[in-house]
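Novice: The structure is given below, and queries will be raised subsequently.
The values are calculated or read from the model by the stated rules, or taken from the named source; none is laboratory data. Keep in mind the model is a prediction, meaning the values are calculated, not measured. Quick reminder, even Gly has a Cβ in these numbers, built from the backbone with ideal geometry, and neighbours come from all protein chains shown.
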Amino acid sequence: MEQLRFSTHASVRSQQRGIPPLVVDLIVRFGRVRHEGDERVFFLDKKGKRQAAGYTGGLLRKDDGKLDAFVVTDTADQVITVGHLYQKKMRRQ
C-alpha cells in the first residue's frame, strides 16, 4: 500500500482531533468502505478492529477508542477529512 496523501484540511483536522496518521492508515487498510457520491468513507467494524489490533502487535487494542474514527477520501485517494465516530454502528444504506 502506498503512502496516504493528506489534504491540508485533513492534516489540520487529524491534529485537532487527535487521530494519528497510523490510525488513519489502519482504518483505510482494514476498514469497511461506504460510497457517498464521489467520496469514500472508511470505518472499522469489529472484524477490522481485530485485524488492526493484531497488525500493530499490541500497540493498539481492538477496544481502543482511537480506532473509533472515520476517514473520508476523494476519487484521487487523498484523505480529505477525519473524525471520531460517536454512534455505535454505521447504518447501512
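Novice: Under the condition of being farther than 13 Å from His35 by Cα and polar (S, T, N, Q), which residue from the range 59-83 is surrounded by the fewest Cβ atoms within 10 Å (Cβ to Cβ)?
Specialist: The selected residue is Gln78.
Novice: Would you confirm, using the coordinates I've provided, whether Gly31 is of a type outside the set (Phe, Trp, Tyr) and at pLDDT below 95?
Specialist: no
Novice: What are the residues in the range 54-69 that are within 23 Å of Ala10 (Cα to Cα) and either small (Gly, Ala, Ser) or touching a residue at least 60 places away in the same chain (Cβ under 8 Å) (or both), if any?
Specialist: Passing the criteria: Gly65, Ala69.
Novice: Separate question: Please work out if Gly18 is exposed (fewer than 14 other Cβ atoms within 10 Å of the Cβ) and within 15 Å of His84 (Cα to Cα).
Specialist: Judged against the criteria, Gly18 is a match.
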